[in-house]
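One structure is given below, encoded as structure tokens.
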């Protein structure tokens, strides 16, 4: 997602310069950027939750087996 955004900025910036509405001055880049930030925060939260739930138990098990 982020890599696509960077490629659009580099090669087709006119796409991001498109206004959200005909009466407004906000371009499509602003809500897209906000959506990316929210998406990455949510993805990070999901990863941290899963890592804490699944991977920490596996790590503890490996350490216990290694100490025996």
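So which of 30, 8, 37, 62 is at negative phi, more than 22 Å from the chain's Cα centre (by Cα) and free of Cβ contacts under 8 Å to residues at least 24 places away in the same chain?
Values: 30 fails: more than 22 Å from the chain's Cα centre (by Cα); 8 fails: more than 22 Å from the chain's Cα centre (by Cα); 37 fails: more than 22 Å from the chain's Cα centre (by Cα).
Only one candidate qualifies: 62.
Would you check if residue 22 is in a loop (DSSP other than H, G, I, E, B) and modelled with pLDDT under 90?
Details: in a loop (DSSP other than H, G, I, E, B): yes; modelled with pLDDT under 90: yes.
Yes: the conditions hold for residue 22.
The values are calculated or read from the model by the stated rules, or taken from the named source; none is laboratory data. Because the structure is a prediction, the values reported are computed rather than measured. Counting neighbours? That spans all protein chains shown, and the Cβs are built from the backbone with ideal geometry, glycine included.
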